[in-house]
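Input: a single structure, listed below in structure tokens.
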Amino acid sequence: MTLRQALLALIEAGPTTGYDLAKQFDRSVSYIWHAQHSQIYTELRRLERDGLIASEVLPRGSKELATKRAYRLTEPGAAELVRWVAETETPDGVRDPAYVKSTYLEYGSAAVARAFFRAHRRYYESLRDRYEAHIDELQARATPLLRRRLERAPADSHDAIVAFKVHAYHGMVARARAEIAWANEGLDLVATLDRDAGRGSMLTPRYSD
């Protein structure tokens, strides 16, 4: 259900088209919740069907027949956001393909294991850098979406709006750093196993062509 509430929160910042909403999603929510644009448009139709948002057809550019649909939050939609935030949820169970694969790296060579951990480290180094850059933008109140939200919100709520978002991304930075540390520990483990084996390969792959 998180995609639904994330879209409601984006629309709460002000009426927006599906196209602009997808772009805003890519620049903000996608850092912590991935969704294809097709999923976003499908969920928008569901939200409108359920009365949580409403749409208005507007002219698009100078073409006479071109139109676009702008979405706004309804009172039931705002109530759903309040309900969702107040709800205490149990975190989902872990479903991480990287950790599943790491459990069975003995099926490969030391080179395979090293490549796996190095790729994992590169990915989370990239995420860490993106998160830290986004934190800087949030603290500067420089993102377009945040500016829109602050324009509509009471002045005495601005600090809290920014602080909670920054705190969320600090958590994501901490996760990324933990994954980087885990990858480095994996590389150390491979080096130890390879050295103890006394040969160029950690082990002979169990299956081969």
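Compared with the dominant Cα axis of the chain, that is its longest principal axis, helix 37-49 is turned about 40°. As a rough footprinting exposure proxy, the listed residues Thr16, Thr90, Thr192 were ranked by other beta carbons within 10 Å of their own, and the order from fewest upward is Thr90, Thr192, Thr16. As a ratio to 2.2 N^0.38 Å, the alpha-carbon radius of gyration computed for the chain takes the value 1.36.
Which FRET efficiency value, to the nearest 0.05, do you get for Arg118 and Tyr41 by plugging their Cβ-Cβ distance into 1/(1 + (r/R0)^6) with R0 = 35 Å?
Working: r = 37 Å, r/R0 = 1.06.
The value I calculate is 0.40.
Against the chain, whose longest principal axis comes from its Cα atoms, helix 18-27 is set at around 40 degrees.
So how strong a dipole does the range 13-128 carry about its Cα centre when Lys and Arg Cβ are +1 and Asp and Glu Cβ are -1, to the nearest 20 debye?
Details: 18 positive and 15 negative charges, 126 e Å.
Computed about the Cα centre, the dipole is about 600 debye.
Evaluated with a Cβ-only charge set (Lys, Arg +1; Asp, Glu -1), the chain carries a dipole of roughly 560 debye about its Cα centre, given to the nearest 20.
Using the Cβ-Cβ distance between Ala142 and Leu187 with R0 set to 25 Å, the FRET efficiency from 1/(1 + (r/R0)^6) comes to roughly 0.10.
For the chain, what is the calculated [θ] at 222 nm in deg cm²/dmol (nearest 500), taking -39500 (n - 2.57) for each run of four or more DSSP H residues and dividing by its residue count? Don't skip to the end; give the middle numbers.
On the way: 8 runs with 131 residues, N = 209.
-21000 deg cm²/dmol, from helical runs alone.
Rank by packing, highest mean first: peptides 3-12, 68-77, 121-130, 92-101, with packing defined as the count of other Cβ atoms within 10 Å averaged across residues. Write out the running numbers ahead of the final one.
Working: 3-12: 20.4, 68-77: 17.0, 121-130: 15.4, 92-101: 9.3.
Going from most to least packed, we get 3-12, 68-77, 121-130, 92-101.
Considering only Ala86, Ala153, Ala113, the Gaussian network model of the chain with Cα springs below 10 Å gives its largest mean-square fluctuation to Ala86. Tilt of helix 2-12 relative to the longest C-alpha principal axis of the chain, in degrees (0 to 90, nearest 10)? Roughly 40 degrees between the two axes. Protection proxy ranking, highest mean first, for peptides 180-188, 156-164: 180-188, 156-164, where packing is the per-residue count of other beta-carbon atoms within 10 Å, averaged.
Computed from the coordinates by the stated procedures, all read-outs in this text should not be read as laboratory data. This one's a predicted model, so the numbers in the text were calculated from it and none came from an experiment. Please note: Cβ atoms are built from the backbone with ideal geometry, for glycine as well, and neighbour counts cover all protein chains shown.
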